[in-house]
1. If a residue has to be assigned to a helix (DSSP H, G or I), more than 13 Å from the ligand (Cβ to nearest atom) and of a type outside the set (Asp, Glu) to count, how many in segment 202-233 make the cut?
2. Among the residues that make up segment 13-22, is at least one of them in contact with a strand residue (DSSP E or B) (Cβ under 9 Å, 6 or more places away or on another chain) and either of a type in the set (D, E, K, R) or in the same structural domain as Ala267 (by TED's automatic domain parsing) (or both)?
3. Any residue at all in segment 246-256 that is among the basic types (Lys, Arg) and touching a residue at least 60 places away in the same chain (Cβ under 8 Å)?
4. Restricting the search to segment 172-212, which residues are among the basic types (Lys, Arg) and over 18 Å from the mean Cα position of the chain (by Cα)?
5. Can you tell me which of (1) surrounded by fewer than 19 Cβ atoms within 10 Å (Cβ to Cβ); (2) in the same structural domain as Pro22 (by TED's automatic domain parsing); (3) in contact with a Lys or Arg (Cβ under 6 Å, 6 or more places away or on another chain) is the one Ser153 doesn't meet?
6. Please state which one of Ile195, Ile202 is touching a strand residue (DSSP E or B) at 6+ places or on another chain (Cβ under 7 Å), closer than 30 Å to Val157 by Cα, among the aliphatic types (A, V, I, L, M) and assigned by TED's automatic domain parsing to the domain that holds Arg125.
7. Looking only at residues that are assigned to a strand (DSSP E or B) and hydrophobic (A, V, I, L, M, F, W, C) in segment 130-150, which one is surrounded by the most Cβ atoms within 10 Å (Cβ to Cβ)?
8. Could you say whether any residue in segment 211-219 is aliphatic (A, V, I, L, M) and either under 25 Å from Phe91 (Cβ atoms) or touching a residue at least 24 places away in the same chain (Cβ under 8 Å) (or both)?
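The values are calculated or read from the model by the stated rules, or taken from the named source; none is laboratory data. Note that this is a predicted model, so its numbers are computed, not measured. For neighbour counting, all protein chains shown are included, and Cβ atoms are generated from backbone atoms with ideal geometry for every residue, glycine included.
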Amino acid sequence: MEQVYKRLIQELGYDQIRTNEPMSNHINWRVGGPADLYFEPRNSRELIEVVQTAIRLKIPYTVLGLGANVLVSDKGIRGLVIVNKSSEVKFLPFGFVEADSGVSNAVLIKLTVDRRLTGLERLVRVPGSLGGAIFMNAGDTAKQAFIGELVRSVRVVEPTGIVKTLLPQDCDFGYRHSRFQTSGEVIVSAKLQFIEAARIEIEEKVRDILDRKRNQPLGSTAGSTFRNPPGNYAGKLIDESGLKGKQVGGAKISEKHANFIINTGKATATDIRELITLAKEKVKERTGIELQEEIRYLGEF
Ligand SMILES: Cc1cc2nc3c(=O)[nH]c(=O)nc-3n(C[C@H](O)[C@H](O)[C@H](O)COP(=O)(O)OP(=O)(O)OC[C@H]3O[C@@H](n4cnc5c(N)ncnc54)[C@H](O)[C@@H]3O)c2cc1C
């Protein structure tokens with residue numbers, strides 16, 4: 001084992017760090033090789049500490065939430081993988097909520113809906129953590145309702161190790177886009193703002209989104225594999241290219257929704273990657289449109 005890895009283990013505690021942890025246990029697609037080092041911070045203090053330690057020791061690090069939007073290479077991930085389990089949520093006056101980035105969308109939706117705060121319904125059946133949602137600016141594409149609109153500030157660790165707070169205008173939120181996709185900052189926590197609404201109104205919004213999500217398959221997937229190109233739908237383009245149900249190894253383009261790739265049980269990351277490449281080639285050949293991945297690749301492909 002690399003000397004610098006041993007130092008990280010010494011500094012953070014032998015009982016905290018796992019080595020050669022299979023990433024297939026931590027991402028929704030259930031594929032991917034091992035992380036050299038693996039750590040689960042349980043609160044924002046531990047998250048900041050582990051990131052700052054990795055920076056100081058010059059160990060590459062990757063922060064993940066629920067792994068619902070990533071494809072990890074069969075060769076795994078070098079350096080340290082941090083799977084964020086921080087989960088504190090504070091309710092403040094005037095509809096403000098301050099939450100750790102590791103809290104899951106499902107928990108945050110439940111907590112806010114219980115207090116009749118509306119806004120987070122846009123993340124119903126979007127598996128993930130608050131950090132992953134802000135990183136992706138996740139939300140309800142049909143309604144153009146994204147998490148960025150609720151964000152009032154974001155606390156981050158910079159790649160230098162400095163902790164700072166950003167305002168929404170700094171975050172560059174767009175369709176499946178935020179500054180965090182290029183800044184290298186780790187999202188520690190965020191302040192969101194909600195408005196109050198009648199329970200019946202919130203329940204109606206939840207029902208509407210659940211209805212529309214009925215055409216999406218369940219199982220081991222990362223949701224939409226590709227972004228929708230302007231004025232079009234990736235799923236429709238893949239379907240029209242005759243690829244619904246197409247299988248490579250254990251990976252299959254869903255018959256229910258062609259933008260979803262399913263691990264039928266024994267898929268590898270290589271199978272999924274091959275299917276992605278095939279979809280891109282066929283759509284480009286037929287329409288000239290270059291599909292762009294929404295999912296993020298981690299490790300070497
Ligand atoms: C069945 C299904 C349905 C889906 N439906 C939708 C949908 O309707 N709308 C939608 O927008 N998305 C959808 N998705 C995609 C996915 O749920 C979202 O992108 C979600 O926000 C990912 O969150 P996560 O915590 O799992 O992120 P991860 O997959 O863990 O990470 C995604 C990226 O964010 C980075 N990241 C995560 N946490 C942090 C942090 N704290 N600091 C810095 N970077 C971080 C990671 O490094 C990675 O690059 C769906 C996925 C599935 C499986």
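1. Total meeting the criteria: 4.
2. The answer is yes; a qualifying residue exists.
3. So far as segment 246-256 goes, no, none of its residues is among the basic types (Lys, Arg) and touching a residue at least 60 places away in the same chain (Cβ under 8 Å).
4. Lys191, Arg199, Lys205, Arg207, Arg212
5. Only one criterion in (1) surrounded by fewer than 19 Cβ atoms within 10 Å (Cβ to Cβ); (2) in the same structural domain as Pro22 (by TED's automatic domain parsing); (3) in contact with a Lys or Arg (Cβ under 6 Å, 6 or more places away or on another chain) is unmet by Ser153, namely (2).
6. Just a single option satisfies the conditions, and that option is Ile195.
7. So, considering only residues that are assigned to a strand (DSSP E or B) and hydrophobic (A, V, I, L, M, F, W, C), the one surrounded by the most Cβ atoms within 10 Å (Cβ to Cβ) is Phe146.
8. no
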